[in-house]
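**Student:** Attaching a single structure in structure tokens format; questions to follow.
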Amino acid sequence: MMFLVLTGTGLMSVLSSYSTNVILIHVISGLLFLLIVLFHLRNNIRMLLRSLKSKGALVALVPLSLISMFWSATESHLADWYFSLKRDQPIVKFDPLAFEVYDKSSLNSQKITVEFLAGKHFWYPQVSVWLEDEFSNFLQTIFVSHSTAKGVFYGDRTKDNFRQHDREKPWVPSRSVRRVDALPYWSHRRGIQQADGLYAPSRDVPIVDAISGATPSGHFQLHFDRDSLRKFKLLVEVNVAFDENAYYSEFDFPDDTSYHSGAGLMGQPSLVYHADIDLGHPTKYYLAKLQGHGHHSGSDGRLYQDLQTITTATEIFDRILIHVQD
């Protein structure tokens, strides 16, 4: 019975999404199985020793030992290979030709369009788009995802209840929280400090609806009016929940309570992209380039340019294209 439970939970942990309950059952079953083996050896040690003295038993033990050695040497590599294939599968399936549109422009104005092409690790990201002048002074926020804009995220989120198929199930959160880690670089650049000393928007002082928008679920376009400045910087910050890797996981930063608050944290930090726009130049298309990342728990507003610990987060977007319309 223990062997069947171990086999079943092992297959479930590999072939389905991560589940704490499945892993817990697997570990407990493994410990019980070891106890059963120890009691079996204790009660049958004399018979086993006599069997080992026979030639037939030794002949049978040789191939079993070789198989055991081979499996011990290769199982971790086989698991790494399988999970690398699984990791490279798209997280969200969406229409490759469909674009959501967020129009923040006036009806008769000249527009700038920012086109976001979702990558294979795109998964309902928090996004902010803002402008700075050529001297890196903050000008204005163009767009920010609704949850960050209103300062309200569902609490008690886990990797299990935050999966795509679970979003369609009725679920009542026990509490609502703020994610100060979601878009920390933008919130600090914006420079509006809340009553609690943090810079992320709160329910008491939210971002207005004219700037905020629903969390994107696939490719999307953002339209806004051309700025009166001739030269400016367009910046984008993006963050996806629960995109852990070897450097940012539930086992890292144990003393950082913000990181382990349960508000969709425990993942790679936000990434920051930027493009220098010159309206006086004949160039009409610009590609936003990756510049660095924010703090993993939003504790400061620095831009960290070392990207060696960032992995799948760089594949949230395949491309960010800015089109300056005539």
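The values are calculated or read from the model by the stated rules, or taken from the named source; none is laboratory data. Model, not experiment: these values are computed from the prediction. Positions of Cβ are backbone-derived with ideal geometry, glycine not excepted, and every protein chain shown enters the neighbour counts. Side chains are part of the model used for accessible areas, which takes the heavy atoms of the whole protein and leaves out ligands, DNA and RNA. Shrake-Rupley method; radii C 1.70, N 1.55, O 1.52, S 1.80 Å.
**Student:** Please give the contour-minus-distance gain from D225 to F39: 0.36 nm per residue of separation, less the Cα-Cα distance, rounded to one decimal in nm.
**Tutor:** On the way: separation 186, 0.36 × 186 = 66.96 nm, distance 7.55 nm.
Length gained between D225 and F39: 59.4 nm.
**Student:** Tell me the label-point distance for the pair A246, H146, using the 7 Å Cα-to-Cβ offset, in nm and rounded to one decimal.
**Tutor:** With each label point 7 Å from Cα toward Cβ, the separation is 3.9 nm.
**Student:** On full extension of the chain, what length is gained from L279 through D306, given 0.36 nm per residue of separation minus the C-alpha to C-alpha distance?
**Tutor:** Details: separation 27, 0.36 × 27 = 9.72 nm, distance 3.09 nm.
Answer, rounded to one decimal: 6.6 nm.
**Student:** Same structure again: How many nm is it between the label spots at L117 and L31, if each spot is 7 Å from the Cα in line with the beta carbon?
**Tutor:** The answer from the label model is 5.0 nm.
**Student:** Averaged per residue, what accessible area in Å² does segment 174-316 show with a 1.4 Å probe, protein chains only? Write out the running numbers ahead of the final one.
**Tutor:** Details: 6490 Å² over 143 residues.
Per residue, segment 174-316 has 45 Å² of solvent-accessible surface.
**Student:** Past 19 Å, Cα to Cα, is the threshold; run K111/K289; K231/K284; K231/K289; K120/K150 against it and keep the listed order. The partial results should precede the final answer.
**Tutor:** On the way: K111/K289 21 Å; K231/K284 13 Å; K231/K289 17 Å; K120/K150 28 Å.
Check vs 19 Å cut-off fails for K111/K289; K120/K150.
**Student:** A follow-up question, please. Got a number for carbon plus sulfur as a percent of segment 203-326's accessible area, 1.4 Å probe? Walk me through the numbers before you get to the answer.
**Tutor:** Working: 2860 of 5760 Å².
So the carbon and sulfur contribution to the accessible surface is 50 percent.
**Student:** To the nearest 0.05, what FRET efficiency results for V205 and T7 with a Förster distance of 35 Å applied to their C-beta separation? Don't skip to the answer; put the middle values down first.
**Tutor:** On the way: r = 54 Å, r/R0 = 1.54.
Result of the calculation: an efficiency of 0.05.
**Student:** Next question, about the same structure. With every protein chain in place, what's the accessible area of T9 (1.4 Å probe, Å², nearest 10)?
**Tutor:** Here the accessible area works out near 10 Å².
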